[in-house]
Amino acid sequence: MANAEVRCPPSIKTLIPTTTMTLPDEQAFRPDTLAVRAGTERTQFGEHGEAMYLTSSFVFDSAAQAAARFSGAEEGYVYARFSNPTVSAMQTRLAALEGAQACVATASGMSAILSLAMATLQAGDHIVASNGLFGATQQLFGGILAKFGIETSFVPATELDAYRDALRPRTKLFFIETPSNPLTEVVDIAAVATIAHEAGALLAVDNCFCTPVLQRPLALGADVVVHSATKYLDGQGRVLGGAIAGSKAVTDEVFKFLRTAGPTLSPFNAWVILKGLETLRIRMEAQSASALELARWLESQAGVARVHYPGLASHPQHELAMRQQKSGGAILSFELEGGRDAAWKVVDATRLISITANLGDTKSTITHPATTTHGRISAEARAAAGIGEGLLRIAVGLEDIEDLKEDLARGLAR
Ligand SMILES: *Cc1c(COP(=O)(O)O)cnc(C)c1O
């Protein structure tokens with residue numbers, strides 16, 4: 001009985017943001033400030049670090065309040081499949097960085113893309129997507145959604161006429177990823193936005209590789225941004241997560257799907273990503289600077305036939321990339337003259353760079369796309385996509401650039 005006061009803390013309902021809250025005030029701050037401050041809501045304890053709310057459900061002051069929360073008449077938390085304060089904080093912060101009205105977080109990047117499709121499409125609708133999307137996205141569109149009567153046309157990523165030619169009466173969604181993986185092809189976001197909007201369709205951009213630090217698709221005319229937060233937003237290879245950011249009209253539809261179907265981000269993962277966002281700019285800038293240096297160095301190495309990196313003057317869309325992105329990003333690929341043998345030698349000679357297909361980590365990673373990420377598609381399809389046996393992809397981390405060069409030089413010399 002003595003601790004009755006402790007048992008009944010003041011209601012925090014006035015402190016909690018809604019799932020898809022808009023940010024008129026916070027958007028007045030500059031991105032670096034938003035990255036560390038947006039979404040911060042202190043409890044009565046005045047904690048400085050963001051609190052982590054590991055709770056699946058929330059309690060109500062009365063039967064009437066419970067009813068009001070369930071009906072939506074009163075804003076507030078009900079159940080963590082719908083919303084949770086830690087997840088809300090992460091959503092608010094990412095929305096601020098993307099310049100979006102609202103954001104909905106999901107359990108992974110793939111569940112973000114699935115949720116977007118389920119929220120905006122129905123049987124008979126059609127998607128126009130750029131070639132060279134993340135493998136699972138291609139399988140989701142070409143395989144799973146096709147089963148439910150949603151067809152996708154894949155078009156060459158850099159050919160604007162192909163997007164127009166692919167239009168059908170029921171094209172509802174354009175979906176692009178730029179730069180592409182692993183060849184770093186750059187899609188003209190503003191131009192594709194114009195084509196999509198003329199057709200009355202939405203343009204969604206997978207902004208995983210650039211993050212809002214290097215590229216803001218909404219400012220270029222896109223309607224929706226999707227993220228695999230698993231990559232640079234966490235940035236340290238710890239958790240899975242995803243997000244959809246855009247207008248409230250779109251995110252409200254996504255939220256309706258999410259609260260019912262449940263591909264919800266866990267509060268623990270949301271907290272890790274929330275803290276990852278605080279260092280996103282300095283990581284992206286440092287990793288991009290190293291990637292540019294490594295790309296230049298690789299171009300000068302014997303046995304290297306070609307380097308794909310948007311920050312290089314030799315990149316076919318260098319000018320577009322520099323207009324649309326702040327830098328070339330942290331991912332590059334390069335082709336070895338000696339084909340698979342030469343490529344595998346470089347991989348096997350590494351002692352530092354991790355041999356893994358993951359990316360977006362502070363630890364650099366190397367992968368041979370033809371036998372890993374793109375190993376399941378036919379040799380012809382691989383050749384058509386420009387993914388040769390001599391191609392290697394590196395996602396550059398935060399190690400000393402000289403150590404990275406030495407790690408690659410060993411295999412290149414063999
Ligand atoms: C990893 C990745 C995804 C999928 O994200 P998960 O978090 O693994 O589900 C989607 N798009 C791109 C570009 C990715 O790199």
(request) From largest accessible area down, sort TYR79, TYR53; use a 1.4 Å probe on the protein chains. (result) TYR79, TYR53
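Got the relative contact order for segment 25-167 handy, in percent, Cα pairs under 8 Å and 6 or more residues apart?
About 18 percent, as a whole number.
Which whole-number percent gives the relative contact order of segment 263-404, counting Cα pairs below 8 Å spaced six or more residues apart?
Details: 207 pairs, mean separation 35.4, N = 142.
Relative CO of segment 263-404 lands at 25 percent.
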(message) Quick check: the angle from helix 109-120's long axis to the longest principal axis of the chain, C-alpha only, nearest 10 degrees?
(response) 70 degrees
(request) Find how many whole Å separate the alpha carbon centroid of segment 106-130 from the alpha carbon centroid of segment 355-408. (result) 27 Å
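Express in nm, to one decimal, how much length is gained between ARG81 and ASP348 on full extension, taking 0.36 nm for each residue of separation and deducting their alpha carbon distance.
Values: separation 267, 0.36 × 267 = 96.12 nm, distance 4.41 nm.
Once the chain is fully extended between ARG81 and ASP348, it gains 91.7 nm.
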(message) Going by amide H atoms built from the backbone, whose H comes under 5 Å of the H on ARG306, apart from near neighbours?
(response) GLU335
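Counting alpha carbon pairs within less than 8 Å and at least 6 residues apart, what relative contact order, in whole percent, applies to segment 122-222? Working shown, then result.
On the way: 164 pairs, mean separation 27.5, N = 101.
The value is 27 percent.
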(request) Enumerate the aspartates and glutamates that LYS172 could reach by cross-link, defined here as Cα to Cα under 14 Å, with residues fewer than 8 away along the same chain left out. (result) ASP125, GLU151, GLU198, ASP223
(message) Can I get the semi-axes of the chain's equivalent ellipsoid? Compute them from the C-alpha gyration tensor as square roots of 5 times the eigenvalues, in angstrom, largest first.
(response) 39, 26, 18
(request) Give LYS231/LYS405; LYS248/LYS326; LYS231/LYS345; LYS363/LYS405 a once-over and call out the pairs whose C-alpha atoms are over 20 Å from each other. (result) LYS231/LYS405; LYS248/LYS326; LYS231/LYS345
(message) Run through segment 313-399 and list the trypsin sites (Lys or Arg not before Pro) located in a DSSP loop whose Cβ has at most 12 other Cβ atoms within 10 Å.
(response) ARG351, ARG376
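From the Cα gyration tensor of segment 190-289, with a ≥ b ≥ c the square roots of its eigenvalues, which class applies: rounded if a/c is under 1.5, or else prolate if a/b is larger than b/c, or else oblate?
Values: a/c = 2.90, a/b = 1.21, b/c = 2.40.
Since a/c reaches 1.5 but b/c is at least a/b, the shape of segment 190-289 is classed as oblate.
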(request) Would you please state which residues of segment 276-320 a label at ALA190 would reach in this model, taking the label point 7 Å out along Cα→Cβ and a backbone N cut-off of under 15 Å? (result) 319-320
(request) For segment 193-208, just list the computed ³J(HN,Hα) in residue order, Karplus coefficients 6.51, -1.76 and 1.60, θ = phi - 60°, integers in Hz, with x standing in for Gly and Pro. (result) 4, 4, 4, 4, 6, 4, 8, x, 9, 8, 10, 10, 10, 7, 9, 4
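The values are calculated or read from the model by the stated rules, or taken from the named source; none is laboratory data. The model shown is predicted, which means the values in this text are computed figures rather than measured ones. Note: ideal-geometry Cβ built from the backbone for every residue, glycine included; neighbour counts use all protein chains shown. Only protein heavy atoms, including side chains, enter the accessible area calculation; ligands, DNA and RNA are left aside. Shrake-Rupley method; radii C 1.70, N 1.55, O 1.52, S 1.80 Å.
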